[in-house]
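K.L.:
Below you'll find the structure I mean.
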Amino acid sequence: MGPNHGHFVWYELMTTDMAAATRFYGEVVGWKARDAGMPGMAYTLLASGSDDIAGLMDLPQSARDMGAPPSWIGHVWVDDVDLGAASFAAGGGQVYRAPEDIPGIGRFAIVADPQGAVLALFKGEGDMPPRDPTPRPGLVPWHELLAEDREAAFAFYAGQFGWRKDTGIDMGPLGTYQMFAYAGGAEAVGGMMTRPPGVPASFWMFYFSCDDIAAAEARVVSAGGQIINGPMEVPGGMHIFQALDPQGAVFAMVGPKKD
């Protein structure tokens, strides 16, 4: 496996109002937006400092017709997109969009794991450019899967991407919260849990960093979003909350609680 295989490298919001969503995340997360300049397609890049972190595009009409809500989708780098998509299908998942090229950028496919959580597989035309490692607002330090069956989900992703188990936290009636790390990685980059009652489907949720969780919560509300859970303290002294943006996409934020 290459050094980036199995790493989340990009995050994409498919939304019903690009202009409103760009304003919201600029206010709430602090991302700077610019047009990607892709021929024949409106695509907005969202940057933290000198690094592009995420993209924003219109939710395709075909997806809207099927009732798909606005949502964030994570892109995982794989050594071979075609092989990766075939492997997801062979393992009981689905391929929603067959592998295809983005001229000058790379190759991608949209897939779902056997429990229905959607991801993109991606391989760039060149190597991943190095990112500024400095902790700051607007990064995506945590990736969380709410699964139908956590243990089966972990086994699937370990087989696909080489992820390994990190710490497991007993959450009482909610079961174990299983942290995971990339193959060869020293630090946990996400967690998986069996989805609690009331969460209707399996999905990936992405945590955007901030420097003050209470201020971030206030920005979400003032910008027209909705807090759906939290804020709450998590192991390590950080605080988190989950929220909906004004178009209905789920996201989360993580940061310290300032006195």
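K.L.:
Name the strands (runs of 3 or more DSSP E) wholly inside region 1-111 in which the number of residues that are in contact (Cβ under 8 Å) with a residue 40 or more places away in the chain and of a type in the set (Phe, Trp, Tyr) is 2 or more.
P.N.:
Working: elements: 8-15, 32-35, 43-48, 51-58, 71-77, 94-102.
Qualifying strands (runs of 3 or more DSSP E): 8-15, 71-77.
K.L.:
Another one. Restrict the check to region 142-151 and report whether at least one residue is over 30 Å from Gly92 (Cβ atoms) and out of contact with any Pro (no Cβ under 9 Å at 6 or more places or on another chain).
P.N.:
no
K.L.:
Any idea how many residues of region 54-107 are among the acidic types (Asp, Glu) and more than 30 Å from Ala20 (Cα to Cα)? Step through it out loud before you land on a result.
P.N.:
Let us first name the residues in region 54-107 that are among the acidic types (Asp, Glu), namely 58, 65, 79-80, 82, 100-101.
Applying the additional criterion that residues be more than 30 Å from Ala20 (Cα to Cα) yields 79-80, 82.
Of the residues in region 54-107, 3 are among the acidic types (Asp, Glu) and more than 30 Å from Ala20 (Cα to Cα).
K.L.:
Being in the same structural domain as Leu13 (by TED's automatic domain parsing) and at pLDDT below 95 is the requirement here; does Asp80 meet it? Let's see the steps before the verdict.
P.N.:
Numbers: in the same structural domain as Leu13 (by TED's automatic domain parsing): yes; at pLDDT below 95: no.
So Asp80 fails the test.
K.L.:
Considering only region 159-259, give the strands (runs of 3 or more DSSP E) lying wholly within it that have at least 1 residues that are outside the structural domain of Glu27 (by TED's automatic domain parsing) and free of Cβ contacts under 8 Å to residues at least 12 places away in the same chain.
P.N.:
Values: elements: 164-170, 176-181, 188-194, 203-209, 226-233, 239-244, 250-255.
It comes to 164-170, 226-233.
K.L.:
From the list Glu12, Glu27, pick out the single residue that is charged (D, E, K, R), surrounded by 15 or more Cβ atoms within 10 Å (Cβ to Cβ), modelled with pLDDT of 95 or more and touching a strand residue (DSSP E or B) at 6+ places or on another chain (Cβ under 7 Å). Write out each step before concluding.
P.N.:
Details: Glu27 fails: touching a strand residue (DSSP E or B) at 6+ places or on another chain (Cβ under 7 Å).
When all the criteria are applied, what remains is Glu12.
K.L.:
Restricting attention to region 222-240, which residues are surrounded by 13 or more Cβ atoms within 10 Å (Cβ to Cβ) and under 19 Å from Pro70 (Cα atoms)?
P.N.:
Correct list: Ala223, Gly224, Gly225, Ile227.
K.L.:
Filter region 60-110 down to residues that are of a type in the set (Val, Ile, Thr) and farther than 27 Å from Pro200 by Cα and give me whichever is nearest to the chain's Cα centre (by Cα).
P.N.:
Within region 60-110, the subset of a type in the set (Val, Ile, Thr) is 73, 76, 78, 81, 95, 102, 105, 110.
If we keep only those that are farther than 27 Å from Pro200 by Cα as well, we get 78, 81, 102, 105.
On the way: Val78: 16, Val81: 18, Ile102: 20, Ile105: 20 Å.
Applying the filter and picking the extreme gives Val78.
K.L.:
Could you check region 138-148 and list, in sequence order, the residues that are surrounded by fewer than 18 Cβ atoms within 10 Å (Cβ to Cβ) and either without any contact (Cβ under 8 Å) to a residue 40 or more places away in the chain or more than 15 Å from Gly191 (Cβ to Cβ) (or both)?
P.N.:
If we filter region 138-148 for residues that are surrounded by fewer than 18 Cβ atoms within 10 Å (Cβ to Cβ), which is where we start, we get 141, 148.
Correct list: Glu148 only.
K.L.:
Name the single residue, out of those in region 15-59 being under 19 Å from the mean Cα position of the chain (by Cα) and hydroxyl-bearing (Ser, Thr, Tyr), that is farthest from Gly248 (Cα to Cα).
P.N.:
Ser48
The values are calculated or read from the model by the stated rules, or taken from the named source; none is laboratory data. Bear in mind that the values here come from a model prediction, so they are computed numbers and not experimental data. Backbone-built Cβ (ideal geometry, glycine too); neighbour counts: all protein chains shown.
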